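These notes concern the structure reproduced below.
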């Protein structure tokens, strides 16, 4: 039986294995060990200099953000409907009500032109999600949020090494969150980070991350014992996972170069084919630097997308769709979500298809994907002369 070319292949380098062994030899496998601290030092300049705390996932980083901002019942949080469920769950868990916003048709990011009408006296947080690592229009979002006294939390799960007008993503919100899931550019299997761009939030964040205790201050010798001082949970990843992550962060330039080459090869090779068949290739505004996290195309219709996925599967290539609109989900409808509420989200969700894109994808494998896409049964939309 032919082995399918995977959508993703997690990367673990020889250096990563060596660091993992070193973490074991250190006899410090719990959180906040030497590899965790080295990750913090590496990550901070990558996100513009804010303080960084590794977490067990981006989901947990978002939950920490909700706790830090003291979001609770009666509060509203504006989120794009086109995102992963963690973006909204973190705030709903605190009792907040999600307000679903539509996205732009070019970048699939939160449509900043809709924000003013969505803000109410109950709005506490806006959560822009940098889809595919392409920046949201942060100048406009921050201007609107600041005028309303609303906090901005960047969901930067896709965006590490991306930039907006030359400024790193993750540096705009009062808080930002990162993901190191195995599908991300930098991965330790499961992991994340919270970026704190307001220094006054660092001490409260440490307490939340350490089960609501001042344990970190105790280990720094700032108190003679530690105790329960506030709300919190266990958000510390193992230092073994940090060891795997550190090796990739140290190799960031090579990883990003390879992803850029692969992304650009797709864009160049599929340009004529896409134009002939009414397929939309990814768009990156000139003022944005993409980290080339994923390559997402839009088919002309749901039926065309489904046919393409079936054709690629038959050719031994694993491609996939992406988010299902949150406002149409079972939970979303409990918060007032309804059909045709976010028309762009509903349209792109039906038509989006993602191609394999990962550091270890070889040139030969990528050529296989490109040929398989070009040989799909999608018909030309050009009219005969």
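The values are calculated or read from the model by the stated rules, or taken from the named source; none is laboratory data. Everything quoted here is computed from the prediction, not taken from an experiment. Glycine gets a Cβ as well: all are built from the backbone with ideal geometry, and neighbour counts include every protein chain shown.
For the stretch 95-108, how many residues meet the condition of being crowded, with 19+ Cβ neighbours inside 10 Å and more than 28 Å from residue 295 (Cβ to Cβ)? Even if it seems obvious, please write down each step before you answer.
The initial filter retains those residues of the stretch 95-108 that are crowded, with 19+ Cβ neighbours inside 10 Å, namely 96, 98-104, 107-108.
When the remaining residues are screened for being more than 28 Å from residue 295 (Cβ to Cβ), the result is 96, 98-99.
Number of matching residues: 3.
Can you tell me which residue among 199, 168 is out of contact with any helix residue (DSSP H, G or I) (no Cβ under 6 Å at 6 or more places or on another chain) and closer than 18 Å to residue 42 by Cβ? Even if it seems obvious, please write down each step before you answer.
On the way: 199 fails: closer than 18 Å to residue 42 by Cβ.
One residue alone meets the criteria, 168.
How many residues are assigned to a helix (DSSP H, G or I) and either free of Cβ contacts under 8 Å to residues at least 12 places away in the same chain or closer than 15 Å to residue 280 by Cβ (or both) if we restrict to the stretch 333-352? Even if it seems obvious, please write down each step before you answer.
Applying the first criterion (assigned to a helix (DSSP H, G or I)) to the stretch 333-352 yields 333-334, 343-351.
Among the residues that remain, those that are also either free of Cβ contacts under 8 Å to residues at least 12 places away in the same chain or closer than 15 Å to residue 280 by Cβ (or both) are: 333-334, 344, 347-351.
Adding up the residues that qualify gives 8.
Please go through the stretch 307-332 and pick out each residue that is assigned to a helix (DSSP H, G or I) and more than 15 Å from residue 296 (Cβ to Cβ). Give the steps one after another, and end with the answer.
Start the filter on the stretch 307-332 by keeping residues that are assigned to a helix (DSSP H, G or I), which leaves 307-314, 326-328, 330-332.
Correct list: 307, 310, 311, 313, 314, 326, 327, 328, 330, 331, 332.
Answer yes if at least one residue in the stretch 24-44 is over 30 Å from residue 127 (Cβ atoms) and surrounded by 21 or more Cβ atoms within 10 Å (Cβ to Cβ), and no otherwise.
Let us first name the residues in the stretch 24-44 that are over 30 Å from residue 127 (Cβ atoms), namely 24-30, 33-34.
This time we only want the ones that are surrounded by 21 or more Cβ atoms within 10 Å (Cβ to Cβ), so: none.
The answer is no, given that none of the residues of the stretch 24-44 is over 30 Å from residue 127 (Cβ atoms) and surrounded by 21 or more Cβ atoms within 10 Å (Cβ to Cβ).
Okay, residues lined up against (1) modelled with pLDDT under 95; (2) surrounded by fewer than 18 Cβ atoms within 10 Å (Cβ to Cβ); (3) more than 30 Å from residue 253 (Cα to Cα); (4) touching a strand residue (DSSP E or B) at 6+ places or on another chain (Cβ under 7 Å):
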| residue | (1), (2), (3), (4) |
| --- | --- |
| 288 | no, no, no, yes |
| 295 | no, no, no, yes |
| 302 | no, yes, yes, no |
| 312 | no, no, yes, no |
| 327 | no, no, yes, yes |
| 337 | yes, no, yes, yes |
| 349 | no, no, yes, no |
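When the residues of the stretch 292-306 are filtered to those that are in contact (Cβ under 8 Å) with a residue 12 or more places away in the chain and assigned to a helix (DSSP H, G or I), which remaining residue is nearest to residue 350 (Cα to Cα)? I'd like the intermediate steps shown before the answer.
Keep residues of the stretch 292-306 that are in contact (Cβ under 8 Å) with a residue 12 or more places away in the chain, which gives 292-302, 304-305.
Keeping just the survivors that are assigned to a helix (DSSP H, G or I) gives 302, 304-305.
Numbers: 302: 5, 304: 10, 305: 8 Å.
Per the stated criteria, the residue is 302.
Could you tell me how many of the residues in the stretch 68-85 are surrounded by fewer than 24 Cβ atoms within 10 Å (Cβ to Cβ) and touching a residue at least 12 places away in the same chain (Cβ under 8 Å)? Full working, then the answer.
Looking only at the stretch 68-85, we keep the residues that are surrounded by fewer than 24 Cβ atoms within 10 Å (Cβ to Cβ), and these are 68-76, 84-85.
Then drop every residue that is not touching a residue at least 12 places away in the same chain (Cβ under 8 Å), which leaves 68-69, 71-76, 84-85.
Final tally of qualifying residues: 10.
Output the number of the condition that residue 108 fails; it satisfies all remaining conditions of (1) under 16 Å from the mean Cα position of the chain (by Cα); (2) within 16 Å of residue 176 (Cα to Cα).
Unmet for residue 108, out of (1) under 16 Å from the mean Cα position of the chain (by Cα); (2) within 16 Å of residue 176 (Cα to Cα): (2).
Please go through the stretch 145-162 and pick out each residue that is touching a residue at least 24 places away in the same chain (Cβ under 8 Å) and over 23 Å from residue 92 (Cα atoms).
Result: 159, 160, 161, 162.
Residues in the stretch 258-267: is at least one closer than 22 Å to residue 47 by Cα, touching a helix residue (DSSP H, G or I) at 6+ places or on another chain (Cβ under 8 Å), crowded, with 21+ Cβ neighbours inside 10 Å and at pLDDT 95 or above? Lay out the reasoning, then the answer.
Of all residues in the stretch 258-267, those closer than 22 Å to residue 47 by Cα come to 258-260.
If we keep only those that are touching a helix residue (DSSP H, G or I) at 6+ places or on another chain (Cβ under 8 Å) as well, we get none.
Within the stretch 258-267, none of the residues are closer than 22 Å to residue 47 by Cα, touching a helix residue (DSSP H, G or I) at 6+ places or on another chain (Cβ under 8 Å), crowded, with 21+ Cβ neighbours inside 10 Å and at pLDDT 95 or above.
Which of the residues belonging to the stretch 113-134 are over 22 Å from residue 322 (Cβ atoms), out of contact with any helix residue (DSSP H, G or I) (no Cβ under 7 Å at 6 or more places or on another chain) and not in a loop (DSSP other than H, G, I, E, B)?
Once the filter is applied, which keeps residues that are over 22 Å from residue 322 (Cβ atoms), out of contact with any helix residue (DSSP H, G or I) (no Cβ under 7 Å at 6 or more places or on another chain) and not in a loop (DSSP other than H, G, I, E, B), the stretch 113-134 yields 113, 117, 118, 124.
Among what's in the stretch 7-41 and is in contact (Cβ under 8 Å) with a residue 40 or more places away in the chain and touching a strand residue (DSSP E or B) at 6+ places or on another chain (Cβ under 9 Å), pick the residue that is farthest from residue 318 (Cα to Cα).
32
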